[in-house]
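> Input: one structure, supplied below.
What follows draws every value from the coordinates through simple rules; no lab data is involved. From a predicted model like this one, the values you see are computed outputs, not experimental measurements. Ideal geometry is used to build each Cβ from the backbone, glycine not excepted, and the neighbour counts take in all protein chains shown.
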2 protein chains.
Amino acid sequence: MDERTARIALACAVEPGTPGMAERVAELGPAAVLHEVLRAGGPPPGTVPGRISPEDVPAMLATMARAGIRVLVPDDTEFPSQLSDIPEPPLALWVRGPLDLRVAAMRSVAVVGSRACTPYGERATGAIVAGLAGTGWTIVSGAAFGIDAAAHRSALAVGGATVAVLACGVDLAYPRAHEALLCRIADEGAVVSELPPGSAPLRHRFLARNRLIAGLTRGTLVVEAARRSGALATANRALEIGRILMVVPGPVTSMASSGTNRLLHEQVARAVCDGEEAAALLAAVEGSSPSAVPTAGGASTVSAPALSEEARRVLDALARRGGRSVEEVAARSGLPAVTCLAHLGILELHGHVRRAAHGWRRCG
Amino acid sequence: MDERTARIALACAVEPGTPGMAERVAELGPAAVLHEVLRAGGPPPGTVPGRISPEDVPAMLATMARAGIRVLVPDDTEFPSQLSDIPEPPLALWVRGPLDLRVAAMRSVAVVGSRACTPYGERATGAIVAGLAGTGWTIVSGAAFGIDAAAHRSALAVGGATVAVLACGVDLAYPRAHEALLCRIADEGAVVSELPPGSAPLRHRFLARNRLIAGLTRGTLVVEAARRSGALATANRALEIGRILMVVPGPVTSMASSGTNRLLHEQVARAVCDGEEAAALLAAVEGSSPSAVPTAGGASTVSAPALSEEARRVLDALARRGGRSVEEVAARSGLPAVTCLAHLGILELHGHVRRAAHGWRRCG
């Protein structure tokens with residue numbers, strides 16, 4: 001049994017974020033740990049995502065592939081490297097959608113908040129996300145009601161990249177009312193889970209999911225959250241793993257902003273009022289994780305990785321004089337516009353491209 | 001000619017905040033500087049508060065006393081000592097009202113903001129000021145439209161102490177529409193100016209006035225301010241002289257909160273959502289100026305000053321067991337309730353009194 005197969009079978013047999021599991025896998029290898037788990041009977045039935053014997057993994061992967069679902073393990077090129085430095089990193093990720101997850105996550109921000117948001121929170125989310133997604137930042141959220149949905153929708157509306165991280169399998173729609181939204185994200189962005197398809201959204205899985213949202217991104221923006229709110233759990237995770245925490249100030253008379261304003265009072269979060277302020281803070285984050293991207297002309301010691309074939313196609317679709325719109329770049333490169341936008345953002349950070357008056361142009 | 005007379009005559013002959021003036025007075029003495037100013041013809045006519053020859057000062061003071069106006073110079077007991085460590089400290093202060101300015105300023109906070117405030121700003125001011133003024137904090141502001149007026153009114157409404165610092169003489173009402181408000185402040189709190197009675201509210205005098213508001217207080221709270229706002233000038237003054245700066249978060253969609261939210265984004269101000277949060281920050285300020293008051297049981301090296309006769313009367317009106325209300329303390333001490341409240345706040349800081357379930361009680 002190869003490592004990849006063992007790892008995928010193991011990911012089907014244990015709960016996300018099981019304490020000590022990642023360490024054990026690093027020590028003994030996935031095959032030995034899988035053997036151990038299967039022999040011990042594994043965690044109690046009902047809590048386990050799904051049991052599968054290693055020899056059935058290839059057939060499962062083939063079935064999933066027909067449904068447009070791929071699986072990523074840490075050694076895969078598309079696996080986001082910044083997930084390796086969070087506590088209990090995922091054993092595997094299931095992904096639906098055209099976005100390259102590693103590329104999308106390099107320049108990404110989590111936008112989360114209250115499910116019971118106010119019209120103010122929805123409006124603020126729309127404006128700030130439009131500013132971020134429109135300039136190449138990938139918007140990562142949890143597809144929940146309220147702020148999460150507003151964030152995904154605003155990103156889609158400006159043709160930006162968005163990633164929904166679920167607490168259930170990527171083949172299920174949770175909440176049900178967001179089935180159409182999740183289909184659209186799967187068509188244009190990416191729907192991600194560390195649970196195998198078919199897994200139900202059990203309560204404890206949301207906490208594990210929140211650590212993934214915080215870990216995938218450079219920073220977390222909380223738009224609205226009451227004093228006791230799931231969004232604050234994601235905020236705490238972001239702080240714990242050294243990501244930047246940002247909040248949108250709100251009226252002190254609004255319960256929906258009481259948790260976010262408290263984070264400001266305690267000086268653990270930075271206040272941001274628009275996409276530009278958020279982008280500036282996110283761009284300033286360097287070296288906080290192995291995936292840190294050097295900024296153009298910056299003093300980063302992380303060397304720019306070699307360009308991928310896709311990135312090269314995007315670069316070749318640009319001219320040195322005169323800007324080209326994202327649509328033009330998409331047509332010339334033969335890549336979807338959203339993929340082009342993600343690459344343009346990263347190419348900009350590396351100093352390869354620059355924003356011109358009317359679109360993008362190549363540097364140097 | 002005695003020093004006090006010379007200083008008062010000099011204060012009538014020069015503009016507040018004239019660069020180098022305070023230094024010159026410290027070096028040569030007020031009489032010599034006054035002689036110099038009068039001989040040189042002084043600043044251009046129209047800009048000078050009012051010229052008076054030293055021999056007329058006693059008659060002027062008598063006239064003012066009949067109008068309920070007193071004048072304070074730095075050597076007077078009632079002169080707030082923290083004004084001595086600001087740049088260009090005032091030569092003299094004119095005061096109308098029953099509050100002892102030194103006592104009131106020891107535990108005081110500036111509450112300022114936009115003249116064109118929103119209903120949200122007015123509501124937030126009301127709630128936060130009620131929390132502060134109701135627990136013995138003196139509310140200092142500028143009697144302008146908007147946040148200033150809301151701050152004074154809320155302090156008066158809860159029977160708290162409030163001080164209006166004007167950019168004109170204390171005998172004038174500016175703005176005119178606030179004549180009744182200023183009369184009430186003069187009846188129950190204090191109206192203060194470093195300009196002699198009769199001085200007009202000229203444009204440059206507002207900047208000098210703002211430094212006084214920031215300098216008199218332990219900290220400045222800005223409730224609402226647009227990006228270009230006079231309240232931000234006061235905020236900058238507070239920072240320059242090492243006072244704590246606090247702001248009330250507001251909707252990012254509101255122009256009236258754009259300046260305050262910017263201060264949060266830049267991390268130069270602390271966010272506060274209610275009176276309790278503001279009081280905790282203010283109470284934590286120690287040793288930032290020579291007037292710093294040691295907190296009860298704190299490690300301050302500033303020794304508690306001997307009790308004034310008034311403070312002694314307030315202390316004697318309390319019992320060691322069982323709380324007494326401010327009204328009860330007022331009745332027993334024969335002092336106005338607002339004066340009692342100001343003393344109680346300072347006595348609490350020194351550890352002489354403690355807040356009980358129903359009022360105040362004596363310690364030790």
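> Share of Cα-Cα pairs in the protein assembly as shown beyond 53 Å, in percent?
Of the Cα pairs, 30 percent sit more than 53 Å apart.
> With springs only between Cα atoms under 10 Å apart, run a GNM on chain A and tell me which of A:220, A:125, A:253 wobbles the most.
A:253
> Still on this structure, please answer the following. With θ set to phi - 60° and the Karplus curve 6.51 cos²θ - 1.76 cosθ + 1.60, what are the ³J(HN,Hα) couplings of the stretch B:10-19 in order, to the nearest whole Hz, using x for Gly and Pro?
So the Karplus estimates, Gly and Pro as x, are 5, 4, 7, 9, 10, 6, x, x, 4, x Hz.
> Sequence gap at least 6, Cα distance under 8 Å: using those rules, report the relative contact order of chain A to the nearest whole percent.
15
> Restricting to the protein assembly as shown, compute how many DSSP beta bridges are antiparallel as a %, nearest 5.
Looking only at bridges with both residues in the protein assembly as shown, the antiparallel portion is about 40 percent.
> Could you point to the residue in B:222, B:322, B:347 farthest towards the positive end of chain B's charge dipole, with +1 and -1 charges on the Cβ of Lys/Arg and Asp/Glu respectively?
The one lying farthest along the dipole's positive direction is B:322.
> I've got another one for you. Say R0 is 22 Å: what FRET efficiency, to the nearest 0.05, do residue A:78 and residue A:158 get from their beta-carbon distance?
0.35
> From the convex hull of the Cα coordinates of the stretch A:95-144, what is the mean projected area in square nanometres?
3.9
> Let me ask something else about it. Considering only C-alpha atoms, what is the centroid distance from the stretch B:49-85 to the stretch A:50-124, in Å?
When both Cα centres are located, 74 Å separates them.
> Closest beta-carbon to the B-to-A rotation axis: which chain B residue owns it, and what is the separation in whole Å?
B:249, 2
> Same structure, new question: If we hang a label 7 Å off Cα along the beta carbon direction at residue A:309, how far is it from the matching labels on the other copies, in nm, shortest first?
Distances between equivalent label points, in nm: 9.5.
> Relative contact order of the stretch B:101-283, please, whole-number percent, based on alpha carbon pairs below 8 angstrom and at least 6 residues apart.
23
> Can you list the copy-to-copy distances for residue A:63, using a point 7 angstrom from Cα toward Cβ, in nanometres, shortest first?
Between copies, matching label points for residue A:63 lie 10.1 nm apart.
> Please list, ordered by chain and number, the residues whose modelled amide H lies under 5 Å from the amide H of residue B:162; skip anything fewer than 5 residues away on the same chain.
Counting only residues 5 or more places away or on other chains, the set is B:139, B:190.
> Could you work out the relative contact order of the stretch A:1-111, using alpha carbon pairs under 8 angstrom and six or more residues apart, expressed as a whole percent?
Reported relative contact order: 32 percent.
> Separate question: If each label sits 7 angstrom from Cα along the C-beta direction, how far apart, in nm, is residue A:39 from its counterparts in the other copies?
Sorted ascending, the copy-to-copy spacings read 10.5 nm.
> Let me ask another. Roughly speaking, what is the centre-to-centre gap between the stretch A:255-277 and the stretch A:2-18 when only Cα atoms are used, to the nearest Å?
The distance from the Cα centre of the stretch A:255-277 to that of the stretch A:2-18 comes to 38 Å.
> Another one. If you build a Gaussian network model of chain A, linking Cα atoms that sit under 10 Å apart, which residue out of A:59, A:231, A:130 swings the most?
Taking springs between Cα atoms under 10 Å, the residue moving most is A:59.
> Please order A:205, A:96, B:4 by the number of other Cβ within 10 Å, starting at the fewest.
B:4, A:205, A:96
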